[in-house]
1. Would you please name the residue that is farthest from E84 (Cα to Cα), looking only at residues in the stretch 17-49 that are assigned to a helix (DSSP H, G or I), over 10 Å from the mean Cα position of the chain (by Cα) and touching a residue at least 24 places away in the same chain (Cβ under 8 Å)?
2. Report yes if some residue within the stretch 93-110 is over 10 Å from the mean Cα position of the chain (by Cα), surrounded by fewer than 19 Cβ atoms within 10 Å (Cβ to Cβ), of a type in the set (K, R) and within 27 Å of Y44 (Cβ to Cβ); otherwise report no.
3. Name, by its number, the condition in (1) without any contact (Cβ under 8 Å) to a residue 12 or more places away in the chain; (2) assigned to a strand (DSSP E or B) that does not hold for V61.
4. Starting from residues that are among the aromatic types (F, W, Y) and free of Cβ contacts under 8 Å to residues at least 24 places away in the same chain, keep the ones in the stretch 79-134 and report whichever is nearest to T37 (Cα to Cα).
5. Anything in the stretch 111-121 that is surrounded by 15 or more Cβ atoms within 10 Å (Cβ to Cβ) and not hydrophobic (A, V, I, L, M, F, W, C)? List them, or say none.
6. Please verify whether M58 is within 29 Å of L127 (Cα to Cα), buried (at least 17 other Cβ atoms within 10 Å of the Cβ) and at pLDDT below 95, treating the condition exactly as stated.
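The values are calculated or read from the model by the stated rules, or taken from the named source; none is laboratory data. On a predicted model such as this, the values are computed, not experimentally measured, just so you know. Quick reminder, even Gly has a Cβ in these numbers, built from the backbone with ideal geometry, and neighbours come from all protein chains shown.
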Amino acid sequence: MEKNSVSSYFIVKYADTDRMKRVYYSKYLEYFEVGRTDYLKQNYISYKKLEDKYKIYMPVVECYVKYIAPIEYEDKLKLKTTLEHFNKKKFKFLHELSVSKKLVAMGYTSHYFISGENEVITFDDFLKLISFSH
């Protein structure tokens, strides 16, 4: 599978920060969610359509964040998200957060596709499903 990346841009809101005006650690995973949502939409299908039309969900089964430098209120963030497909069922999004071209955090989230009946759907079956009716 060819790897390509999607970039998402946003400004840190006050609500994302702690008393020190630095981004609270759990917010990084919310930023990663923005990245994978944008990735799906730009490369395959919107996550909303995936859920509403196909009843397919993408739960997080593993996550990791490496905090390199603090992110502060009103920082302009660039999030680079890359899909790393590493077996038929489980796949991983790699995320890199930067401020002014300086890497401030990196990490990943791993997922499965599951049906509304909690059955695992392979990545290949996901591609077949959306290609027939997309």
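1. So the first thing to find is which residues in the stretch 17-49 are assigned to a helix (DSSP H, G or I), and the list is 27-43, 47-49.
Next cut, over 10 Å from the mean Cα position of the chain (by Cα) only: 27-28, 41-43, 47-49.
Checking which are touching a residue at least 24 places away in the same chain (Cβ under 8 Å) leaves us with 28, 42-43.
Values: Y28: 19, Q42: 16, N43: 13 Å.
Here the residue is Y28.
2. No: zero hits.
3. Only one criterion in (1) without any contact (Cβ under 8 Å) to a residue 12 or more places away in the chain; (2) assigned to a strand (DSSP E or B) is unmet by V61, namely (1).
4. Kept after step one, since they are among the aromatic types (F, W, Y), are these residues of the stretch 79-134: 86, 91, 93, 108, 112-113, 123, 126, 132.
So of that shortlist, the ones also free of Cβ contacts under 8 Å to residues at least 24 places away in the same chain come out as 86, 132.
On the way: F86: 19, F132: 21 Å.
Among those residues, the one meeting the criterion is F86.
5. Let us first name the residues in the stretch 111-121 that are surrounded by 15 or more Cβ atoms within 10 Å (Cβ to Cβ), namely 111-114, 121.
H111, Y112, listed by residue number.
6. Values: within 29 Å of L127 (Cα to Cα): yes; buried (at least 17 other Cβ atoms within 10 Å of the Cβ): yes; at pLDDT below 95: yes.
Considered against the rule, which asks whether it is within 29 Å of L127 (Cα to Cα), buried (at least 17 other Cβ atoms within 10 Å of the Cβ) and at pLDDT below 95, M58 comes out as yes.
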